[in-house]
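Asks: Okay, here's the structure, questions in a sec.
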Amino acid sequence: MKEYTACFTGHREIENLIETQKRHIEATFDLIGRGVRHFLIGGATGFDIIAGQHSFYIKTAVRHMIGDIKLTMVLPCSFDIFTKKWSEIDRKRLEHLMTLTDENIILQENYSADCYKKRNQYLVENSRYCICYYNESRYRSGTGQTVRMAEKQGLEIINIF
């Protein structure tokens, strides 16, 4: 249910990893306290993967107290195409994270010029909240696009940048 769902979006480069991880964990626990039980992960390197990994740890930690948290990976196209230009370590990180999520959604098999936009739109249209790592000076980024979509849709934006 959209009212109990949050998505993650963020830049690939993280300036202060430890502080970003701390803020992500705090924001995620805050939303869990407000009843959020489903998190959508975009799967890109950087913030998306970090958010997914920490969400899995949080899910495991709180399961016995509040019940299950659902994690869904949403990829714009097939794993092999999506990660084609990635380093081997980043491919392995995403591959491992996909074994930990409850559901993996591949929006289309092949790459298209708008597949990332479709993924971002899916995240927003199926969420009530958006936890983002967004540097507003990078307006023309995919993260910027997703945050603007979320604002237009009326999502509550939690920017941990």
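Asks: Which of these values of log10 I(q)/I(0) by the Debye sum over Cα atoms at q = 0.12, 0.15, 0.18, 0.21 Å⁻¹ was calculated from the structure shown: (i) -0.63, -0.90, -1.12, -1.28; (ii) -0.46, -0.74, -1.11, -1.56; (iii) -0.51, -0.78, -1.07, -1.34?
Replies: Calculated log10 I(q)/I(0) by the Debye sum over Cα atoms at q = 0.12, 0.15, 0.18, 0.21 Å⁻¹: the matching label is (ii).
Asks: Taking the chain as a Gaussian network, where each spring joins two C-alpha atoms under 10 Å apart, which residue of 103, 26, 15 fluctuates the most?
Replies: Highest fluctuation among the options: 15.
Asks: Sum -39500 (n - 2.57) across every DSSP H segment of at least 4 residues in the chain, then divide by the residue count to get the 222 nm mean residue ellipticity, nearest 500. Let's see the in-between values first.
Replies: Details: 6 runs with 77 residues, N = 161.
Helix-only estimate at 222 nm: -15000 deg cm²/dmol.
Asks: How big is D for the stretch 1-87, in µm² s⁻¹ as a whole number, if Stokes-Einstein is applied with the Kirkwood radius of its Cα pairs at 25 °C and 0.890 mPa s?
Replies: Values: Rh = 13.7 Å.
After rounding, the answer is 179 µm²/s.
Asks: Hey, another quick one. Find, among the chymotrypsin sites (Phe, Trp or Tyr not before Pro) in the stretch 51-135, those assigned to loop by DSSP (not H, G, I, E, B) with at most 14 other beta-carbon atoms within 10 angstrom.
Replies: Numbers: sites: 56, 57, 79, 82, 86, 111, 116, 122, 129, 133, 134; in loops: 86, 111, 134.
The qualifying sites are 86, 111.
Asks: So how far, in whole Å, is the C-alpha centre of the stretch 41-71 from the one of the stretch 127-149?
Replies: The two parts, judged by their Cα centres, are 19 Å apart.
Asks: May I pose another question? Provide the per-residue ³J(HN,Hα) series for the stretch 19-34, in order, calculated from phi with Karplus coefficients 6.51, -1.76, 1.60 and θ = phi - 60°, each as a whole number of Hz, with x at glycine and proline positions.
Replies: Those phi angles translate into 5, 5, 4, 4, 5, 4, 4, 4, 5, 5, 4, 4, 5, 4, x, 8 Hz.
Asks: OK, next. Using a/c under 1.5 as the rounded threshold, could you call the stretch 38-127 rounded, prolate or oblate? The axes a ≥ b ≥ c are square roots of the C-alpha gyration tensor eigenvalues, and prolate needs a/b larger than b/c, oblate otherwise. Mind dumping the intermediate values first?
Replies: Working: a/c = 2.45, a/b = 1.50, b/c = 1.64.
Here the stretch 38-127 falls in the oblate category.
Asks: Jot down the per residue volume, in cubic angstrom and as a whole number, of the convex hull over the alpha-carbon atoms of the stretch 90-161. Numbers along the way, then the final one.
Replies: Numbers: hull volume 9.0 nm³, N = 72.
For the stretch 90-161, the hull spanned by Cα atoms encloses 125 Å³ per residue.
Asks: Follow-up question, since we're still on this one. On average, how much accessible surface per residue is there in the stretch 6-132, in Å², for a 1.4 Å probe, leaving out ligands, DNA and RNA?
Replies: Values: 6090 Å² over 127 residues.
Heavy-atom SASA per residue in the stretch 6-132 reads 48 Å².
Asks: Counting only protein heavy atoms and a 1.4 Å probe, tell me what percentage of the stretch 1-149's accessible area is made up of carbon and sulfur. List each step's numbers first, then the result.
Replies: Numbers: 3770 of 7520 Å².
Carbon-and-sulfur percentage of accessible area, whole number: 50.
Asks: Can you tell me which of 52, 43, 67 moves the most in a GNM of the chain? Springs connect C-alpha atoms under 10 Å apart.
Replies: Between 52, 43, 67, it is 67 that shows the largest mean-square fluctuation.
Asks: Under 15 Å between alpha carbons: how many lysine pairs meet that in the chain, if sequence neighbours fewer than 8 apart on the same chain are excluded? Intermediate results must be reported in sequence, preceding the final value.
Replies: Working: 2/70; 59/70; 84/92; 117/152.
Lysine pairs, 8 or more places apart or on different chains, close enough: 4.
Asks: Given springs between every Cα pair under 10 Å in a Gaussian network model of the chain, which of 150, 27, 61 has the largest fluctuation?
Replies: 61
Asks: Please compute the net charge surrounding residue 76, taking Lys and Arg as +1 and Asp and Glu as -1 over other residues with Cβ under 12 Å from its Cβ.
Replies: Working: positive: 117, 118, 119; negative: 48, 109, 114.
Surrounding charge for residue 76 is 0.
Asks: Put a dot 7 Å past each Cα toward the Cβ at residue 109 and residue 157; how far apart are the dots in nm?
Replies: 3.7 nm
The values are calculated or read from the model by the stated rules, or taken from the named source; none is laboratory data. Every value quoted in this text rests on a predicted model; they were computed, and no experiment measured them. As a convention, Cβ positions derive from the backbone with ideal geometry for all residues, glycine included, and neighbour counts pool all protein chains shown. Surface areas here come from the heavy atoms of the whole protein model, side chains and all, with no ligands, DNA or RNA. Shrake-Rupley method; radii C 1.70, N 1.55, O 1.52, S 1.80 Å.
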